[in-house]
Amino acid sequence: MSAQELESDHYDVIVIGTGLAESIAAASLAKAGKSILHLDPNEYYGGQQASLTLDELAIWAETQGQGEGAQSASSSSTGAYGITYSHASTSKLGPELERDKRRYALSLFSAVLPSRGKLIETLIASDVSKYVSFRLLDGVSIYETSLNTETGGEAGGIFRRVPGSKEEVFKDKSVGLLDKRRLMKFLLFAAGDFEQDDLLKGKEARPLLEFLQETFSIPAQLSQSIAYAISHCSGEKDETLAALVRTRRYLRSIGRYGPSAFLVGQYGGAGEVAQGFCRACAVFGGTYVLGPSALPSSIEQTSDGLSLQVPCHPRPVHAAHLISAPNHLPPDFVSLPLAPSSAVPESPSRSVQEESSASTSTAAHCVAITAIVPEALRRAGSQTGSGATAQDETGGESTETTAAKAEGEANDDTSIIVFPPVDGRPLVRCYINGEGSGSCPPGQYIIYLSATITPESNVKDVDPAEILRPYLSKITSRPIYEAYYLSHRPSTPPSASPSAASALPEKVIVLSPYGGDNLLTEGLDYEAEQGESAFHRVVRQMGEEIGGKQFFEKEVSEEEELGLDE
């Protein structure tokens, strides 16, 4: 496609941003026969879910800035309802990293895919599953802190793998027989239709930790493992009913593709999946323009839709409908009312507690790389996968590795690790990818850490490195690369704000970014729901024009496609 001119002045739908939700909407509408112009002012696919190489991540961090109030160049006044970033920093690349910088796929949206949920169903229905690859998550662990009996302070801790399935419960030697029976009773309860069960009545809003201990007599330590590693709670006050719904989906996901409830996306995860939907859109005739020339300089409402002035085209481009991520709309197109508390700190002295509010969710993030096998991935009597050699802290081969070679077992390559909240500090989630995910060179691991900062968090500094580096040191003592940043996500999206919705023309759909506190396990399904919702809104506005097409409607049945109908 020429950088100076498009093939047409008219499209049915223009989509701005190649994030996962936008890409799903674009592909589904193209499949339904609509002409699509898909724009992204970034030089890469994926938008807020992009997978970046090391050099791309360094450039991205520079555009976010190192201090308060930083936003990407494509952000606009709608940033109050989009995602903004600040306090971004990266370590310098050594010679080896500089040489291999293009061999990494580092995700801005580190998340795992539940084996049952909206995205997996969308991947199957759209056939985009043919373009992307997944592998099972190897395990989920929780960090159990040991206390110094004299001082009462932390004296270290251990990583304990959490059993999720019936088979894992019976194999786990760390849980006593009586507690195993109690745990199994709870798992059977949570996997069923518990909404009307007498055990739950009147306790729906109570904290899950209390419910587990009082209703099922599960000990405090085991209850904590269930709450944070199976129910994926974010704090001690998470309500029972919502936690049970998450637990049920987790349990029902186990066994669909194997012993794990989650899948790990290859080559960076979310960004690769988004690009898969972009490929599908292009197959059905979608037109793509990436880079600064794809950012509209103006958008005007017309009698039959919208008119956009785009630098890559000499004339106005017309469309009946517009779908966009909130960060990409020009400031003069619409002035959405600002939330009561901006997503960006006003001054260096402003505290995290003041910065976080009911309208904004602030989280600290770390992306790190290590060449040492993290202790949490080691299995008893094992060696590193794919022939990689584990090193001890001096750089030599560890005695554990030497002894394990005779066993021939492999360490885990991927894992979720949960650090429960302690002494008012926030819950921290860790997600590790090894070489098996295709995201880094052999013998290395990518470590993602994240923590949502709430007013209750015992955090005195907004510096994400200060918040997360102590947790990184528990995973690896020698990272070879570190990057840190803060993300600010709206808790009140445009779709939930009547004043914001009324400010938008009817044929403009602004997608809402995920604003919850469990992006790791919920984020991908949320994006898929946003993409499908945009499809249905466009279809409703088009009325009969779209011919009754359904979301990723198949032209032929699977039996016909495989030749089994004869």
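The values are calculated or read from the model by the stated rules, or taken from the named source; none is laboratory data. None of the values given here were measured: they were computed from a predicted structure. Heads up, the Cβs are rebuilt from the backbone with ideal geometry, glycines too, and the neighbour counts pull from every protein chain shown. The accessibility values were calculated without ligands, DNA or RNA, using every heavy atom of the protein model including side chains. Shrake-Rupley method; radii C 1.70, N 1.55, O 1.52, S 1.80 Å.
Using the Cβ-Cβ distance between T302 and L178 with R0 set to 60 Å, the FRET efficiency from 1/(1 + (r/R0)^6) comes to roughly 0.25. Lys and Arg at +1, Asp and Glu at -1: add these up for the other residues within a Cβ distance under 13 Å of G516 and post the number. Overall, the nearby charge balance is -3. Residue separation of L136 and Q541 scaled by 0.36 nm, minus their Cα-Cα distance, works out to 141.8 nm of gained length.
When each of the peptides 101-114, 474-487 is scored by how many other beta carbons lie within 10 Å of its residues on average, the order from highest to lowest is 101-114, 474-487.
With a cut-off of at most 14 other beta carbons within 10 Å, and DSSP calling the residue loop, which GluC sites (Glu not before Pro) in the range 154-204 qualify? Please list them. Those satisfying the criteria are E195, E204. Going 7 Å from the Cα of E43 toward and past its Cβ, which residues in the range 288-302 have a backbone nitrogen under 20 Å from where you end up? Within reach of a label on E43: 288-296. Rolling a 1.4 Å probe over the heavy atoms of the protein chains gives the range 163-258 an accessible area of 51 Å² per residue. Residues of the range 256-295 with backbone nitrogen within less than 19 Å of a virtual label 7 Å along the Cα-to-Cβ line of D9, please, listed as ranges. Hits in the range 256-295 for D9 at 19 Å: none. With 25 Å as the limit on Cα-Cα distance, the pairs of K118/K180; K118/K549; K31/K130; K34/K118 that go past it are K118/K180. Estimated from the Cβ-Cβ distance and a Förster radius of 22 angstrom, the FRET efficiency linking E195 and K237 is about 0.55. Can you give the FRET efficiency to the nearest 0.05 for S217 and Y257, using r as the Cβ-Cβ distance and R₀ = 35 Å? The calculated FRET efficiency here is 0.55. Here the accessible area is traced with a 1.4 Å probe on the protein chains. For the range 163-258, carbon and sulfur cover 51 percent of it. Inter-part distance, the range 35-63 to the range 219-288, computed on C-alpha centroids, equals 23 Å.
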